[in-house]
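For reference, the structure is listed below as structure tokens.
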Amino acid sequence: MSILVVGASGATGRLLVRELLGLGQEVVAIVRSPERLDASLRDHARLKVITGTALDFADDELSRLVGECDAAASCLGHNITMKGMFGRPRRLVTESTARLCAAMRTARPNGPNKFVLMNTAGNANRDLVEPVGIPHRIVIGLLRHLLPPHVDNEQAADHLRVNYAGADAAVQWVVVRPDGLIDAPSPTEYDLHPSPTRDAIFNSGTTSRINVAHFMARLLTNDTLWKSWRGQMPVIYNRPQA
């Protein structure tokens with residue numbers, strides 16, 4: 001199986017690449033800065049590294065790349081710097097998601113095309129009733145006006161929900177929503193929920209990046225797990241240690 005990963009040089013993307021290679025998969029990584037990949041990964045026999053972003057390629061080039069792979073995943077995000085949050089492109093995640101999905105649809109119009117998007121627990125699944133308090137709604141409203149990355153995450157997930165609904169859609173997707181990302185040396189036990197069980201702003205949980213990568217890699221390679229979460233936006237939390 002060959003899997004395309006964008007955002008592969010980021011904090012979670014690097015871990016996803018490592019997890020997929022550990023599962024014996026072929027990986028095609030599109031990265032802006034190949035030197036940011038771990039040296040132990042760059043020369044891996046089953047890893048193909050392509051310099052650029054999903055927005056750099058012409059439509060036919062991107063369709064060719066996607067057509068050579070069996071699935072795709074995005075760990076794209078905005079750097080927590082002034083340039084990263086307010087610079088261009090402000091809709092990096094949304095535009096990349098739209099282009100990748102369009103390329104999948106062109107390459108394999110009858111599908112199935114698997115796509116996994118890393119998102120955030122602070123973004124609600126508008127296909128479900130996910131009640132939050134008034135203070136939460138006020139803060140989210142402010143974030144939409146003040147921080148472009150939050151709107152980008154919302155719009156990227158909405159692109160999948162609105163344009164690729166139903167099991168017969170050309171693109172089948174899962175949006176993974178971690179909460180309170182932290183670093184950890186190895187995977188631990190984690191819990192999955194269709195909706196948040198905590199308030200992502202006032203009572204956030206924690207999710208290690210390696211657990212996100214572990215879950216995303218299994219989604220892409222395990223058909224039973226994929227079918228259980230297809231078309232949903234699972235929230236992932238680290239399980240409290242005894």
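The table for this structure:
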{"item": "Amide H contacts under 5 Å for Leu4, placed H, 5+ residues apart", "result": "Val28, Asp70, Ala71, Ala72, Ala73"}
{"item": "Shape box of the chain [Cα atoms, principal axes, largest first, Å]", "result": "49, 40, 39"}
{"item": "Rounded to 5, the percent of DSSP beta bridges in the chain classed as antiparallel", "result": "10"}
{"item": "Label point at Val162 placed 7 Å out along Cα→Cβ; residues across segment 102-141 whose backbone nitrogen lies under 16 Å", "result": "102, 124-128"}
{"item": "0 to 90° range, to nearest 10: angle between helix 92-107 axis and the chain longest Cα axis", "result": "40"}
{"item": "Per-residue Cβ neighbour rank within 10 angstrom, fewest leading, Val17, Val31", "result": "Val31, Val17"}
{"item": "Helix 13-22 vs. the chain, principal-axis angle (Cα, 0 to 90°, nearest 10)", "result": "60"}
{"item": "Calculated from backbone phi, Karplus (6.51, -1.76, 1.60) coupling profile of segment 29-36 in Hz, x at Gly/Pro", "result": "10, 9, 9, 6, 10, x, 5, 7"}
{"item": "In sequence order, calculated HN-Hα J values of segment 50-66 (Karplus, 6.51, -1.76, 1.60; Hz; x Gly/Pro)", "result": "10, 7, x, 10, 5, 8, 7, 8, 5, 4, 5, 5, 5, 5, 5, 4, 5"}
{"item": "For Leu76, residues with placed amide H under 5 Å, excluding near neighbours", "result": "Met118"}
{"item": "5 angstrom amide H check on Gln232, placed H, neighbours 5+ away", "result": "Val175"}
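Here, each number is a calculation from the coordinates, and none is a lab measurement. These numbers come from a predicted model, not from an experiment. Glycine also receives a Cβ, built like all others from the backbone with ideal geometry; neighbour counts cover every protein chain displayed.
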